[in-house]
Each structure stands twice: as structure tokens, then as C-alpha cells.
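Laboratory data are not the source of any read-out in this text; all were calculated from the coordinates shown. Every value quoted in this text rests on a predicted model; they were computed, and no experiment measured them. Neighbour counts are summed over all protein chains in view; Cβ atoms, including those assigned to glycine, are modelled from backbone coordinates with ideal geometry.
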Amino acid sequence: MKLLEAVCLSKAYGERQRWFTQQTRLVSAVEEVSLSLERGKTLGLVGESGSGKSTLGRLLLGLEKPTSGQVLYRNTDITALSSTAMRKIRRSMQSVFQNSLSSFNPLFTVEQIVEEPLQNYKTGTPKEIKNKVVESLELVGLGEQHLRRYPHELSGGQQQRVGIGRAIALRPEVLVCDEPFASLDVSLRRQMLNLLQGLKSELRLSYLFITHDLSLIDGFCDQVAVMHEGRIVECLPGNEMKMRAVHPYTKSLLEAVPVQEPRLRRT
Ligand SMILES: Nc1ncnc2c1ncn2[C@@H]1O[C@H](COP(=O)(O)OP(=O)(O)O)[C@@H](O)[C@H]1O
Ligand SMILES: [Mg+2]
């Protein structure tokens, strides 16, 4: 079943030609993109910086209006919804970004951060909410000892865990992860990927996983969409990207992936 779908989606931004004039030129960030995320699957979205990945992610989340095209969530076009109807849907679509710390209120403790979406949607009594917070933190590998801590007191990995904890607090269906581990050490990335993998089966999640690090795709993404200058140039099975890649852009991306295992580097 298609959970989330982009139908011929485009987004252009007006960019001021010179700072002292009013003239604007249209910059096309996403051009006629069609793709779909199947329920229970992980769709990877790869491409170099500036190729339009984040813009596409925001469009799919309904955080921005497309210039043209549609976003379907369970077959409902969300681009035309009222804010009340959108609020209901937004609950099922959450996001994790590269730098969670910058999205946290610095005056909030970990508990308040994870609690916020639950409060927003008035999901239960204070006691029920507290239980949900503790449960969500446990799911991301944090404990009650972290509840009263402030995000800046945590390590980068722990901050991302809090970001994921907040995103799953409402038990959404879809998680859009935009370069969630890009600022973490390479050694940590695998560990965090395993965390996402575990959450996926435990909470029946579906992921849109945006990354420029192709070494994270193998074994994690079911499908991979390759984005170049606002367009999807090809869609490949995640575990056979290397074998199946046809488009020269995909090949050049694959060639640029550093080999992690020193033994294999020369062959
Ligand atoms: N809010 C915005 N206003 C103007 N231009 C934007 C905005 N967001 C993105 N862009 C432009 O759209 C293009 C794609 O950006 P982005 O989606 O962030 O790419 P990526 O995530 O792949 O690095 C870039 O040229 C960027 O400058
Ligand atoms: Mg981006």
C-alpha cells in the first residue's frame, strides 16, 4: 500500500537577482518528481548537496506548498487541506533532522522536549504522558536519568536520540529523516542506523531516509531514489544499487563512496 506519494511535484523559489533590486529569478529546487513510499518500507533519497532532497522532504511533510503537483497521504491530497485537517495528518508524519539540538528549545529539559508533541495533541493525562515520554526514551536507548538533563549537556549521538524520541512520541506512521546522522562520527552512524531499523519493526514505521552518504544505504533502504538537480534520475533497489545503476550521475556518486574497510581499498 502506498502511504505517501509525490505526483509530478515541483517547487520553485524566487531568488532576488541583486540585493538592491526587486527583480527575482525563479530557482527550481524540485522538478516534476513522482515517487512513493510503501507502507513498512524504507525509501532512500540520495544526491549531492543542493539537489533538492530537503525541499522534497518538506513538501512531502506538508511543511511547504508545492508550485505544482500533489502530495498524497493515504490517497488524500494534502496540498489542498485546511489547517485543521492537516493538523490531524501531521501527527502521523514526523521528522528527524541533522542537527536536532538547533530544533530544541534550549530552556527545555529532555522530558519537556519529548513531551511537547504529546501535550500539543492532548494525548492523555499528565501521568499517561509521562509514561509515554519514558517509554519513547527507552525505545531510543535513553533512560529516566536523562529526563531532567538539558540537551546541550548530552553528546551528539544522545541529542539525535532525543530528536528521534520526540519524533516517535506520537507513534507516527511515517518518519522523514533528513541526514539524521551526518554530524555524527562514522563509527556511530551504523549504531544509529540499527536503532532506526529496530524502531521500524517495533513501531511499524515507514521511512523516507535522506542522505548523501551512500555507505548507509546498503541493507537499510528497500528502494533508493537518486536525485540530481531537482529531478529523480533513477530508482534502484537498495541492496543492488551498484549492480543496477545505469545513470552516469548515480555511478559517479557510487564511485565517490569511501571504502570503510582498509583491506578492500586497493582492490
Ligand atoms: N527557502 C528557500 N528559498 C530559496 N531557495 C531555496 C530554499 N530552500 C532551498 N532552496 C534552493 O533549492 C535548492 C535545493 O536545496 P535543498 O532542497 O536544500 O537541497 P539538498 O537538501 O539536496 O542539499 C538549492 O539551490 C537551494 O538553494
Ligand atoms: Mg538538505
field: 4 °C / 1.567 mPa s Stokes-Einstein diffusion coefficient of the stretch 100-171, Kirkwood radius on C-alpha pairs, µm²/s
entry: 110
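Hey, what does the equivalent ellipsoid look like for the chain, semi-axes from the Cα gyration tensor as sqrt of 5 times each eigenvalue, largest first, whole Å? The partial results should precede the final answer.
Working: eigenvalues 178, 125, 70 Å².
The three semi-axes for the chain are 30, 25, 19 Å.
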statement: Square roots of five times the C-alpha gyration tensor eigenvalues of the stretch 1-145, ordered largest first and given in whole Å, equal 33, 20, 16
task: Towards the positive end of the charge dipole of the stretch 100-171, with charges on Cβ (+1 Lys, Arg; -1 Asp, Glu), say which of GLY141, ILE129, PHE104 has the farthest Cα.
output: ILE129
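Below 15 angstrom from the Cβ of ALA169, what's the summed charge of the other residues (Lys, Arg +1; Asp, Glu -1)? Before the final figure, lay out each step's value.
Values: positive: ARG90, ARG91, LYS122, LYS130, LYS132, ARG161, ARG166, ARG171; negative: GLU111, GLU115, GLU116, GLU128, GLU135, GLU138, GLU173, GLU202.
With Lys, Arg at +1 and Asp, Glu at -1, the neighbours total 0.
For the stretch 1-68, state which trypsin sites (Lys or Arg not before Pro) are in a DSSP loop and have at most 14 other beta carbons lying within 10 Å of their beta carbon. Mind showing how you got there, number by number?
Details: sites: LYS2, LYS11, ARG16, ARG18, ARG25, ARG39, LYS41, LYS53, ARG58; in loops: ARG18, ARG39, LYS41.
Sparse-neighbourhood loop trypsin sites (Lys or Arg not before Pro): ARG18, ARG39.
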message: Explain nothing, just the number: dipole magnitude of the chain about its Cα centre with +1 on each Lys and Arg Cβ and -1 on each Asp and Glu Cβ, in debye rounded to the nearest 20.
response: 340
query: Is there a pair in LYS65/LYS88; LYS41/LYS65; LYS41/LYS200; LYS11/LYS53 whose C-alpha atoms are over 19 Å apart, and which pairs would that be?
result: LYS41/LYS65
- line: Per GNM of the chain with C-alpha springs under 10 angstrom, the most fluctuating residue out of THR55, THR42, THR123 is THR123
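For the stretch 158-242, which trypsin sites (Lys or Arg not before Pro) are in a loop by DSSP, counting at most 11 other Cβ atoms within 10 Å?
Of the trypsin sites (Lys or Arg not before Pro), the ones in loops of the stretch 158-242 whose Cβ has at most 11 other Cβ atoms within 10 Å are ARG204.
Give me the net charge for the shell around GLU144: Cβ to Cβ below 13 angstrom, other residues only, Lys and Arg +1, Asp and Glu -1.
Numbers: positive: LYS130, ARG148, ARG149; negative: GLU111, GLU135, GLU138.
Once all neighbours under 13 Å are counted, the net charge is 0.
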field: Calculated from backbone phi, Karplus (6.51, -1.76, 1.60) coupling profile of the stretch 41-50 in Hz, x at Gly/Pro
entry: 10, 10, 9, x, 10, 10, x, 6, 4, x
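I want the local charge near LEU193. Using Cβ-Cβ distances under 11 Å, sum +1 for each Lys or Arg and -1 for each Asp or Glu among the other residues.
Numbers: positive: ARG189, ARG190, LYS200; negative: ASP213, ASP218.
Its environment carries a net charge of +1.
Roughly how big is the stretch 66-184's charge dipole about its Cα centre, with Cβ charges of +1 (Lys, Arg) and -1 (Asp, Glu), in debye to the nearest 20? Mind showing how you got there, number by number?
Values: 14 positive and 12 negative charges, 78 e Å.
Dipole magnitude for the stretch 66-184 comes out near 380 debye.
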query: Points 7 angstrom from Cα along the Cβ direction at ALA80 and PHE108: gap in nanometres?
result: 3.4
- request: Just subtract the alpha-carbon distance of GLU15 and VAL233 from 0.36 nm times their residue separation and send over the number in nm, one decimal.
  value: 76.0 nm
field: Calculated [θ] (222 nm, deg cm²/dmol) that DSSP helices of n ≥ 4 give over the chain, each run adding -39,500 (n - 2.57)
entry: -9500 deg cm²/dmol
message: Assuming 0.36 nm per residue, please report the length gained on full extension of the stretch LYS127 to GLN145 beyond their Cα-Cα distance.
response: 4.7 nm
task: Report, by chain and number, residues whose modeled amide H sits under 5 Å from the one on VAL224, excluding near sequence neighbours (fewer than 5 apart, same chain).
output: GLY44, LEU236, GLY238
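Please work out how much length the chain gains when fully extended from GLU138 to SER155, using 0.36 nm per residue of separation minus the C-alpha to C-alpha distance, in nm with one decimal. Before the final figure, lay out each step's value.
Values: separation 17, 0.36 × 17 = 6.12 nm, distance 1.67 nm.
Value of the extension gain: 4.4 nm.
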